[in-house]
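FYI, it's all coordinate maths here, none of it is from the lab. A quick note: this is a predicted structure, and the numbers were derived from the prediction, not measured. Cβ coordinates were reconstructed from backbone atoms using ideal geometry, including for glycine residues, and neighbour counts include every protein chain displayed.
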Amino acid sequence: MIKFAENNNVFTPLQHRFLKGFWTTTQLVSSGNALLSSLDKSGQTDIILLDISKAFYWVSRCGLILKPKKSKFPYKMVKKISYLNLRHQFLDIAGNYSHGLSVNSGALQGSVLAP
């Protein structure tokens, strides 16, 4: 999927994750350079820092599948992540099962898509 995204310009030029040669460090260096450049020109710089490490667990499953569809990923690739849909969870305590509930967001922990 990443090869397809790279070859079809799905990522923005500011993307620093999931791309070869780009990491959090390169994002911090890039942001630091922009800040210093602005300060050299006596400009104003606003910085917003967000911790989105757990955000993936709250992303709509429909959204996780819709983005590759909109980006024209091949149907077979999109189908591979469709296992996220129609998930249910329940508790099993000593063989006693709770009623199942729909799980509408996030990816399964330990899955390929989970962070």
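General remarks:
- Whichever lysines have a C-alpha closer than 22 Å to that of K80, once near sequence neighbours (fewer than 8 apart) are set aside: K3, K67, K69, K70, K72
- Chymotrypsin sites (Phe, Trp or Tyr not before Pro) restricted to region 57-103 and DSSP loop, no more than 11 other C-beta within 10 Å: F90
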